[in-house]
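The values are calculated or read from the model by the stated rules, or taken from the named source; none is laboratory data. No experiment lies behind these values; they were computed from the predicted model shown. Positions of Cβ are backbone-derived with ideal geometry, glycine not excepted, and every protein chain shown enters the neighbour counts.
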Amino acid sequence: MIAVSSSVDQIQKVSSAVIAEVERAVLGKHEIISQAVLTLLCNGHLLIEDIPGVGKTTTAKALAKAIGGEFKRMQFTPDLLPADVTGAAIYDQKQGTFEFRPGPIFANVVLVDEINRATPKTQSALLEAMEERQVSVDGITRPLPSPSFVIATQNNIEMTGTYPLPEAQLDRFFSRISLGYPDREAESRMILERQSGDKLESLVAVTTLAELQEMQLAVKAIHVGDPVRHYIVDIVRSTREQALLMLGASPRGSLYLMRAAQCHAGMAGRDYVSPDDVKAVAPLVLAHRIISRGEVRARGTTNEQIIQQVMDAVPTPVSG
């Protein structure tokens, strides 16, 4: 138990340091940044869905700097090919052999900008990389760097030339967040600070990749009692029986909900998961895994609101 407690202290320390460093560049978004760091510590991938110009790219770059990881960016466009993502074998005339040139997916933090602007074929090139942390090209499988964190962005409004992400791809993302507009004070501070330069350039690494991998393993060791585990399963299964939905969350949703609750507990300095941890992360992990009926969307009811209704209907266990 001492070792677990020590790991939890480290999770809390590292997560707080990363959040604080990112907040130097992204103002007024503490809760959203915390959710992004939680996704990273869970070894998941993040989808940021919002309107242009609210700081999606800045958030991704700041996270990469804070963890000391190699950062690469891909701008998805309709003419982008799968090989532009994964890399390809290029013929070397001098050597008379084919040499593999890795694509931008070979980095610790990969920003996939406007993922819904690429064709479904190119979008699918990310599936193996995100799920298996590897890329197969010309019959050869190559592992990605570790850790490997994909941050994809997309605009949440209908625009010409976009291709909606298929359910299989959405399910690969551990969580989905939306930055939203900054409040008046944060926007005023942002303008003032940009007068003297870009804060992003001054960010430093506050942890190492090796330490981050240790924290990702430590998250898995946080205790989940039987009542909480059953509570997680009941919530996810209830989405499949919800009349407002065409499609409920998959079993992957149960696994990710448990992992997110473990990390939420660790970031709070606890070595056990409580029902409140589950409630705090359920909309983050499950909202993009469900499909509501057309008439429900027409009424303006969001997936997050539906997840909240589901949780209200599922009995909360007395203890973890």
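Name the residues in the stretch 231-247 that are buried (at least 18 other Cβ atoms within 10 Å of the Cβ) and closer than 26 Å to residue 31 by Cα, would you?
231, 232, 235, 236, 239
Which condition breaks for residue 246 when tested against (1) closer than 16 Å to residue 280 by Cβ; (2) in contact (Cβ under 8 Å) with a residue 40 or more places away in the chain?
Here residue 246 meets the rest and fails (1).
How many of the residues in the stretch 110-135 are assigned to a loop (DSSP other than H, G, I, E, B) and either touching a residue at least 40 places away in the same chain (Cβ under 8 Å) or among the acidic types (Asp, Glu) (or both)?
3
I'd like to check something: does the stretch 29-43 contain any residue that is assigned to a helix (DSSP H, G or I), closer than 24 Å to residue 125 by Cα and touching a Phe, Trp or Tyr at 6+ places or on another chain (Cβ under 9 Å)?
yes
Residue pairs, Cβ under 8 Å, 6 or more apart or interchain, first in the stretch 295-311 and over 21 Å from residue 237 (Cβ atoms), second surrounded by fewer than 19 Cβ atoms within 10 Å (Cβ to Cβ) and basic (Lys, Arg). List them.
Nothing qualifies.
For the stretch 136-156, name all the residues that are part of a strand (DSSP E or B), surrounded by 15 or more Cβ atoms within 10 Å (Cβ to Cβ) and modelled with pLDDT under 90.
137, 153, 154
Does residue 77 satisfy the condition of being in the same structural domain as residue 12 (by TED's automatic domain parsing), out of contact with any helix residue (DSSP H, G or I) (no Cβ under 6 Å at 6 or more places or on another chain), of a type in the set (Ser, Thr, Tyr) and not in a strand (DSSP E or B)?
no
From 41, 80, 27, which residue is buried (at least 21 other Cβ atoms within 10 Å of the Cβ) and either more than 21 Å from residue 189 (Cα to Cα) or aliphatic (A, V, I, L, M) (or both)?
Of the residues listed, the single one that is buried (at least 21 other Cβ atoms within 10 Å of the Cβ) and either more than 21 Å from residue 189 (Cα to Cα) or aliphatic (A, V, I, L, M) (or both) is 41.
Go through (1) over 24 Å from the mean Cα position of the chain (by Cα); (2) at pLDDT 90 or above and name the single condition residue 259 misses.
That leaves (1) as the condition not met.
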